[in-house]
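I have placed the structure first, in the form of structure tokens, so that the comments after it can refer back to it.
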Amino acid sequence: MEITFEKMHGNGNDFILIDEYGKTIIPDEMKSRFALLYCDRRFGIGGDGVLYLSRSGSADLRMRVFQPDESEAPMCGNGIRCFVKHAFDAGYVEKTCTIETLAGIIHVEMEYVDDTFLATIQMPEPRFNRTDIPASGEGEYRETIQGYQVYAVNTGVPHAVIFVEDLESFPLAEVGPAIRRHASFPEGANVNIVKREGEDHISIRTFERGVEDETYSCGTGATASAAVSQHLGYTGTKVSVDTKGGPLVITLGEKTLLEGPAETVFKGSITF
């Protein structure tokens with residue numbers, strides 16, 4: 001079976017997009033396996049996940065996200081921007097739309113500014129209670145793990161946040177997996193290290209659950225890092241977040257907004 005796909009990225013967080021708007025291309029029971037095979041950067045297409053676009057009974061479109069470890073993620077901030085770019089370019093939606101995800105209905109506004117596609121996503125409200133993250137215990141999450149002060153929040157998926165002085169030398173490849181699989185997180189957690197750069201400005205690196213590696217950017221991670229930073233009084237309601245793949249803007253108020261670009265890298269076809 002020949003399958004067409006689109007390779008896309010949001011700040012270097014890259015995805016394979018399969019358009020199932022007209023019909024199912026990859027059977028549901030094979031979607032996880034497809035992600036395992038084709039996210040491989042040597043023997044597949046390469047990507048941090050696979051996005052499936054289809055019709056929805058409760059929103060304009062439905063997005064499913066499968067990761068290289070065969071798990072299905074509730075949602076993905078950078079992935080949604082790629083998803084709506086494809087939908088916009090294909091004519092499925094116009095300047096606003098709603099997306100059905102496992103984390104709920106996501107509202108998106110989008111436009112081209114010159115040749116750059118930009119999307120503003122209304123993210124799930126940050127949840128700090130351990131029950132909502134989820135994490136063991138009661139109240140807000142503040143724990144010392146391997147000598148580091150760890151905070152946690154759910155911004156659609158669970159995130160751990162650590163503030164550091166030196167972002168580049170931090171041993172994320174060692175510390176990330178230990179915190180990601182810590183016993184206090186029953187479903188695991190993404191791990192973000194955060195450096196305060198100035199007023200309303202932070203930079204981050206993220207070890208992603210499901211990818212099991214550091215990624216160039218993470219939309220829910222940028223949102224989580226900004227939310228914890230604001231919660232601690234370090235930043236205000238609008239935060240510039242630098243990721244390895246480029247900047248994002250997070251707004252925290254009555255609505256939690258994530259703004260950033262998305263790009264199409266190439267289109268192709270494979271035999272599956």
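What follows draws every value from the coordinates through simple rules; no lab data is involved. Keep in mind that what you see is a predicted model, and the values were worked out from it rather than measured. So basically every Cβ, Gly included, is an ideal-geometry build from the backbone, and we count neighbours across all protein chains shown.
Quick notes on this structure:
- Entry note: region 117-178 has Rg to Rh equal to 1.04, where both radii use alpha-carbon atoms and Rh is the Kirkwood radius.
- With K and R counted +1 and D and E -1, the other residues having a Cβ less than 10 Å from that of Gly47 yield a net charge of -1.
- For Tyr216, net neighbour charge (Lys/Arg +1, Asp/Glu -1) across residues whose Cβ lies under 11 Å away: -3
- Calculated FRET efficiency for the pair Glu212/Glu20, C-beta based, R₀ 22 Å, to 0.05: 0.25
- Were the residues from Tyr234 through Asp28 laid out at 0.36 nm apart, the gain over their Cα-Cα distance would be 69.8 nm.
- Here the chain is assigned +1 on the Cβ of each Lys and Arg and -1 on the Cβ of each Asp and Glu. Its dipole about the Cα centre then comes out at about 320 debye.
- Here the relative contact order of the chain, from alpha carbon pairs under 8 Å that lie six or more residues apart, stands at 21 percent.
- Cα centroid separation - region 52-101 against region 127-188, whole Å: 27 Å
- Think of region 1-54 as having a plus end and a minus end, set by charges on the Cβ of Lys, Arg, Asp and Glu; of Gly46, Ile16, Ile3, Gly46 sits farthest toward the positive end of this dipole.
- Links that overshoot a 22 Å alpha carbon limit, given the list Lys7/Lys195; Lys85/Lys267; Lys85/Lys195; Lys23/Lys85; Lys195/Lys244; Lys95/Lys244: Lys7/Lys195; Lys85/Lys195; Lys95/Lys244
- Kirkwood-Stokes translational diffusion coefficient of region 1-79, alpha-carbon pairs, 20 °C, 1.002 mPa s, µm²/s: 170 µm²/s
- Simple label model, 7 Å out from Cα along Cβ direction - Ile145 to Glu109, nm: 3.6 nm
- Percentage of interatomic Cα-Cα distances in region 206-272 larger than 15 Å: 59 percent
- Sum of side-chain charges, Leu248 neighbourhood, beta-carbon under 9 Å (Lys, Arg +1; Asp, Glu -1): -2
- Using distinct alpha-carbon pairs, which all enter the 1/r mean, Kirkwood radius of region 130-253 in Å: 14.1 Å
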